[in-house]
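Input: a single structure, listed below in structure tokens.
The values are calculated or read from the model by the stated rules, or taken from the named source; none is laboratory data. Every value quoted in this text rests on a predicted model; they were computed, and no experiment measured them. Note that we place each Cβ from the backbone using ideal geometry, even for glycine, and neighbour counts take in every protein chain shown. Ligands, DNA and RNA are stripped out before the accessible areas are found, and what is left, the full protein with its side chains, is counted by its heavy atoms. Shrake-Rupley method; radii C 1.70, N 1.55, O 1.52, S 1.80 Å.
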Amino acid sequence: MTIQNLRVNHGTETSSVTSAPLLDVGRGNLPLKEEIMEVVSDIIDTGWFIGGPHVKQLEDAVAEVSQTQFAIGCASGSDAILLALMAIGIEPGDEVICPSFTFFATASAIHRLGGKPVFVDIEPKSFNLDVHKIESLITEKTKAIIPVHLFGQCADMDPIMDIARKHDLRIIEDCAQSIGATDSDRAAGSMGAIGCFSFYPTKNLGGFGDGGMLTTNDPALADRLRLLANHGMQPRYYHVEVGINSRLDAIQAAVLNAKMQYLREYSEQRKQNATRYRKLMLESGLSSLVSIPSTLPRCGHVWNQFTIRIPNGRRDEVRQQLAEMNVGSEVYYPVPLHQQECFAYLRDETGPLPETERAAQEVLSLPIFPEITEQEQRYVVDCLAKALGASAVQLRMVG
Ligand SMILES: *Cc1c(COP(=O)(O)O)cnc(C)c1O
């Protein structure tokens, strides 16, 4: 069975399309419903709810996709980052360099261990951390760097790995949005000491709730991660250190195993959808009004988000107009982490992050889920052109 004949027939008549959701998880889940119900039924019968063969199967599959020797299930992407930092021994006072333009969990894990997030600005085209701005932030307290592979595209890992080697720092990759992404043929999650994945429903491999995974090529780190994710317990009821309770449910793993078979196809469809958006936007003359995301040559982009920039303070107004035309969109992320109330204590020490602040004002993510139809994408682009106050025809005449 291929994903094509799994597809739910939805919105295929051109003229009838009057909406496009940001994400419709139902379209991906529905074709797998029977298969999933069957496994869930088995799990109910066996009563093996935590760990077990379904989790093992998913761990093996994620290790393969991520080109690593080990993969360890845990309860969420946020826990994965926390566990990774615990495993490399982040302690109070330690500094960890990470972007401010990311989801909260990247930095909250550092804070939770008493460490200090040191925010680095982003490179405007990729939205990923700017490798040229890392070294000036390194002090004798710096222990690690967390590159986030944002929106499905890897951060520029070669220079990051060079810097880490030179200054003896560990790299924890935040791969929550980038399962299956590559940088020069190396998979996300295989380049640093540990890779952290999320199965939150909006991610490229999304479950029916929370779930996460850690990847590593280091057997000692793999053992330590397993230990820490299970209360530091070895053997049962003997605690060699203080870990946390962060395990992957068998039911989540079973759901994810069913979807894992199609991960390559999901990624391929996201990529095709991105290519189609680019084409439609160029044809509509939108390239002079918004900036259209592209793939860096070294990168295998998996397009968790298709994020355009709308400059000149017009983003929120355009988003509002899209909403009125039933086009879903989202701002990832409106408030950079260095401007969050809970990190106010870091403000005086954080250097200027102009690209991060500009991105927070300009970004808008459009629907790119695998099952979105061509007609819906056309509708999104038409509405975007309308919202920007320039019909496609007018633009073509001018441009
Ligand atoms: C989603 C996400 C996380 C956290 O994952 P959860 O499974 O939601 O805890 C961490 N980092 C980034 C960049 C994310 O997008």
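Some observations on this one:
- Of 125/203; 141/203; 125/271, those spanning more than 26 Å from alpha-carbon to alpha-carbon: 141/203
- Distance cut-off 38 Å, percentage of C-alpha pairs in the chain lying past it: 21 percent
- Taken per residue, the accessible surface of the stretch 264-398 reaches 46 Å², heavy atoms only and a 1.4 Å probe.
- When peptides 356-369, 230-243, 73-86, 49-62 are ranked by their average number of other Cβ atoms within 10 Å per residue, the highest-first order is 73-86, 356-369, 49-62, 230-243.
- Top positive-direction residue, dipole computed over the chain with Cβ charges, set 359, 28, 69: 359
- Taking every DSSP bridge with both residues inside the stretch 32-260, close to 50 percent are antiparallel.
- Its residue count N fixes a reference of 2.2 N^0.38 Å for the stretch 202-297, and the Cα radius of gyration divided by that reference is 1.67.
- For the stretch 264-398, a simple Cβ point-charge model (Lys and Arg +1, Asp and Glu -1, everything else neutral) yields a dipole of about 540 debye relative to the Cα centre.
- In the chain, the DSSP beta bridges split such that about 60 percent are antiparallel, to the nearest 5.
- Assuming charge only on the beta carbon of Lys and Arg (+1) and of Asp and Glu (-1), the dipole of the stretch 32-260 about its Cα centre is about 400 debye to the nearest 20.
- A simple spin-label model places the labels of residue 242 and residue 185 4.7 nm from each other, with each point 7 Å out along Cα-to-Cβ.
- Residue (of 81, 199, 139) at the positive-pole extreme of the stretch 32-260, dipole from beta-carbon charges: 139
- Max mean-square fluctuation residue, GNM over the chain, Cα-Cα springs under 10 Å, options 88, 372, 43: 43
- Computed from the C-beta positions of residue 34 and residue 287 and an R0 of 51 Å, the FRET efficiency is 0.70 to the nearest 0.05.
- Straight Cα distances below 23 angstrom link residue 386 to the lysines 279, with same-chain residues fewer than 8 positions distant left out.
- Ligands, DNA and RNA left out, the 1.4 Å accessible surface of the chain is 51% carbon and sulfur atoms.
- Once C-alpha pairs closer than 8 Å and six or more residues apart are averaged by separation and normalised to the residue number of the chain, the relative contact order reads 22 percent.
- Separation in nanometres of the label points that stand 7 Å from Cα toward Cβ, at residue 104 and residue 18: 3.7 nm
- Selected from 368, 281, 303, residue furthest toward positive end of dipole (the stretch 264-398; charges at beta carbon): 281
- Gap separating the Cα centres of the stretch 44-81 and the stretch 268-301, nearest whole Å: 33 Å
- For the stretch 84-164, projected area of the alpha-carbon convex hull averaged over all directions, nm²: 5.0 nm²
- Diffusion constant of the stretch 32-260 at 20 °C, which comes from Stokes-Einstein with the Kirkwood Cα-pair radius and 1.002 mPa s, µm²/s: 121 µm²/s
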